[in-house]
């Protein structure tokens, strides 16, 4: 079952060091997109993880909001590429040994020295 945190008051208890300004900016910039029900946000596990990442980046890197938007976009692209790579690896794993070996060799050959 997916965790759901109902309302901003509850998310402040779950995401330590989250402040109102960071939450408001995260919502306004659509860095976090909770489901809205009964006029309050409902944060799922992905929203909570993203808020923790935002808080961590702001604290550790003293990053401004414009740069944070770029970092989050790059993070999303990297996560998407990882998901595609996992899917490709799963598909290749279903193939016969000779085909898997040929794909592995082609990948090695395609890498720069």
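The values are calculated or read from the model by the stated rules, or taken from the named source; none is laboratory data. Source: prediction; values computed, not measured. Note: ideal-geometry Cβ built from the backbone for every residue, glycine included; neighbour counts use all protein chains shown.
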Testing residue 35 on (1) loosely packed, with under 13 Cβ neighbours inside 10 Å; (2) out of contact with any strand residue (DSSP E or B) (no Cβ under 7 Å at 6 or more places or on another chain), one condition comes back false. Which one is that?
(2)
Among the listed residues 95, 57, 72, 78, which satisfies the condition of being within 14 Å of the chain's Cα centre (by Cα), surrounded by 12 or more Cβ atoms within 10 Å (Cβ to Cβ) and not assigned by TED's automatic domain parsing to the domain that holds residue 19?
72
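Give 66, 45 a once-over and let me know the one that is under 18 Å from the mean Cα position of the chain (by Cα) and loosely packed, with under 10 Cβ neighbours inside 10 Å.
That would be 66, the only listed residue that is under 18 Å from the mean Cα position of the chain (by Cα) and loosely packed, with under 10 Cβ neighbours inside 10 Å.
So which helices (runs of 4 or more DSSP H) stay within segment 1-96 end to end and still have 3 or more residues that are closer than 30 Å to residue 107 by Cβ and at pLDDT 95 or above?
65-93
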